[in-house]
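Accompanying notes for the structure given below.
The values are calculated or read from the model by the stated rules, or taken from the named source; none is laboratory data. Just so it is clear, the structure is predicted and the values come from calculations on it, not from any experiment. Cβ atoms come from the backbone with ideal geometry, glycine included; neighbour counts cover every protein chain shown. Just the protein is used for accessible areas: all its heavy atoms, side chains included, with ligands, DNA and RNA removed. Shrake-Rupley method; radii C 1.70, N 1.55, O 1.52, S 1.80 Å.
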Amino acid sequence: MACVETRSRGRKCLGRVDYFESADLPHGVLPTKKAVIEVMLYLLRPRRAGQSQRSRSDAADMLASVLQEHWIFCNLYTISTKNIKKHIIKLYEDFLKLLQTRDSRKNESYDAKVLAFNKDSAAMFDIFCTDACQRRKFENFYDVRMTENEWKFLEDQRGERKMYCQDHVDTQWTKTMTRRNNDLFALERMRHSVNAEQPMAVPESTETTEDTSDSADELYTPVTVEDVEFQSPRKKKKVMEDKNSNASSSMPEEYQHVRCSMRKVRPEYYEVVDKLKSCFHMSQNQAEAAVVETANKMFGRNWKYHDEEAEIDVDTLPDKKNARRVGKCIEAMALSEIVTEVVSSDDQSTITYANDGSKKQGAGSFTVQGIIINGKYRALPTMSIASESKPNLAELKLTTLQILSAASGVDAKVLFERIVFVISDQTAHNLDVELLLLKSLAQRKSIEAICEKYKPQVLKILRVILPALAEAFQTQKGEIFGFGSYNENSHSLSTMDQDKLEGAPVHNLDAERSVGFINYELSIRGSKQLSSASSTQVKCAAHDLIDNTVPGSYKEYSKVAKYVIPELCLKWAAKQEDLKKKGLVDKEIANVALDRRKTKDLEKLKCMGGPFTMSSQVDEYLKSDDSNKVAILYIEVRYARDTSLSMPKNSDIFRLMKDHRRLSEETYATNLKLYLDNVVSIADVTMDDFDRAIDTFTQHD
């Protein structure tokens, strides 16, 4: 059974005043603020208004037009409907703010506000036009001037509200509307007569027709209503007009305008603007200015920027949000073209994956990715990363493959199999080592002289360290380069295709340049615009692939760019946030445990007269008769390690145990005194001492 609408269901109670829904304004008087609120309540109720999902702005728009007509009926001229709408929305929002206040916040201050609002709602909703010049335009247009009676009626409505508007004004309104309709009919008839007289076969007749029409408009000025703002604020009508149709131009028609029609923008415009942003680091405003100024200055066009208030024609640029939406589609198309290039490459092609990490304040940690196809670098989406652990890096590559698969329709497993080599930033990190070697080579003569002078000692050292170095090289690089005792089934260069290996890059400079590209984009677009910088880099590195596509091909990727890729990116971001939280929790737990231990040690040492701050205090303690010296010195060394800021925690001075046993009290005391005095050994070491040390190492081996 349907719910019956009753008067109580349309009632809103604010304080002690009831507001009932009302379908119309009161007759014969100017509406009060309460009456305006009641009509808004009616318009925003779907069952009452006969329309579902009516917005607050639409309801205020309708009510503004009705209010203006109501005032003009009383021969009183108002402000523009746009401003009336603003006043209505503000009044209704103030009403709702008080009405929806929670009971827990209804105090004396709230009661005072409600009382003041209800008192003010009984006053007239004043929308009178106080501008004399604007009011004179209305009077000239309607040919009805405000008399003394209208002024008295207005003052009465603002005060005691005793007067009432009757049929006399209604008669004046009828006369005004009749005169206005006659004027419009006469103008339309005059235009028809002028159009009928123009010769159809003569090309020059267009200019004659326009001149005649313009002269007719000038002769009949009373019906020109462009400057009068009494009309309801309807949406700007999009009139298609060709302002360059009469201009002699040798430019083909398809290139004269930025739009093919009123609702269709040329796809080349979107692609050019996106390329200016991606390859030349321009902002949206700069890219639009480059297109418009070039077209107007060099080719004599009349292209205009998008303006919500102005009329839109075929020379008006689209809204900025449309350009951003198309940019995402172009990025998806670029990823699809990269996948096509990967899949269509022959068996002799070399495809290498590379990535590099960086960190920037505001953007956080991120990883720049790319693939190198026969020496050509193609950028992949840059992703934020919370941890560089092996599982998380595997998830990163998997997410990237899923994004490529979503953009192209190619299975992620196929893409993974097509990648021949993987290059990391290890080579780039080793560049510093190469620089150190170069510095060492610059001092080769002095080193050779020292080796010649102390040849026996050098030979002994080499006999000791060379076996250890050989074992280390085998462990670290043997399986990669294929020497020593290594596993032949491992990922060794000797087992790879040598022809493809020739085409693999030997450095990671492309990934390093990509990091610089991303950092530069973040510096000009904002440190938190990582997704925008990533999109720009992907399209910049694939601009040649985009240029070879058919204009408008990006439209095929609208669903992928709008739904699939953002969903994958959101899942990845959520994983990284969880990792960050988990890392923070683990770190906080470790820090709390460390602080608890330091506090506990400090309390115990204070009871024993510590902690020690000078080495002399340690000597005095050793002379005491305390039988628990090892335990106390153990705590002293541990407290010194936990509170030290100048020395590493793993220093031998802070060593607490050896072979799962505590050290002797002499060892603890010696290390503690070295730490407290910050002693630097300046003992003289002779060559005999050095020879004995080497012999000792040799005998042990």
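A compact table of results
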{"quantity": "Simple spin-label estimate for residue 139 and residue 191 in nanometres, 7 Å along Cα-Cβ", "calculated": "3.0"}
{"quantity": "Pair residue 580, residue 272: separation of 7 Å Cα→Cβ label points (nm)", "calculated": "4.0"}
{"quantity": "70, 660, 543, 192, reordered so the largest accessible area comes first (probe 1.4 Å)", "calculated": "660, 192, 543, 70"}
{"quantity": "Pairwise FRET efficiency - residue 413 versus residue 659, Cβ, R0 = 60 Å, nearest 0.05", "calculated": "0.75"}
{"quantity": "FRET efficiency estimate (nearest 0.05) - Cβ-Cβ, residue 458 to residue 638, R0 30 angstrom", "calculated": "0.15"}
{"quantity": "Contour excess over end-to-end distance, with Cα ends at residue 631 and residue 469 and 0.36 nm allotted per residue", "calculated": "54.3 nm"}
{"quantity": "Rg/Rh ratio calculated on Cα atoms of region 498-601 (Kirkwood radius)", "calculated": "1.18"}
{"quantity": "Relative frequency of Cα-Cα separations exceeding 16 Å in region 595-690, percent", "calculated": "58"}
{"quantity": "Accessible area, probe 1.4 Å, largest first, for residues 133, 607, 569", "calculated": "607, 133, 569"}
{"quantity": "20 Å Cα-Cα threshold exceeded, pairs from 397/559; 34/152; 113/162; 264/320; 397/562", "calculated": "397/559; 34/152; 113/162; 397/562"}
{"quantity": "Mean projected area in nm² (Cα convex hull; one quarter of hull surface) for region 9-102", "calculated": "6.4"}
{"quantity": "Region 256-315 and region 12-42: distance between their alpha carbon centers, rounded to Å", "calculated": "48"}
{"quantity": "Counted charge near residue 557, where neighbours are those whose Cβ lies closer than 14 Å (Asp, Glu -1; Lys, Arg +1)", "calculated": "+1"}
{"quantity": "Region 607-648: trypsin sites (Lys or Arg not before Pro) falling in loop per DSSP and having at most 12 other Cβ within 10 Å", "calculated": "623"}
{"quantity": "Theoretical gain in end-to-end length, residue 523 to residue 298 [0.36 nm per residue, Cα-Cα removed]", "calculated": "77.7 nm"}
{"quantity": "Of all accessible heavy-atom area on region 516-668, the percent that carbon and sulfur account for (1.4 Å)", "calculated": "54"}
{"quantity": "Label-point separation, residue 325 to residue 666 (7 Å along Cα→Cβ), nm", "calculated": "8.4"}
{"quantity": "Residues of region 306-345 with amide N under 12 Å of the 7 Å Cα→Cβ point at residue 251", "calculated": "315-316"}
{"quantity": "Full-extension gain in nm, residue 183 to residue 588, via 0.36 nm per residue minus C-alpha separation", "calculated": "137.6 nm"}
{"quantity": "Accessible-area ranking of 301, 513, 180, 191, largest first, probe 1.4 Å", "calculated": "513, 191, 180, 301"}
{"quantity": "Accessible area per residue in Å² at 1.4 Å probe, computed on region 552-667", "calculated": "70"}
{"quantity": "In region 295-389, the GluC sites (Glu not before Pro) that fall in loop regions by DSSP, at most 13 other Cβ within 10 Å", "calculated": "308, 309, 311, 388"}
{"quantity": "Loop-located chymotrypsin sites (Phe, Trp or Tyr not before Pro) in region 244-323 whose Cβ has at most 14 other Cβ within 10 Å (DSSP)", "calculated": "280, 305"}
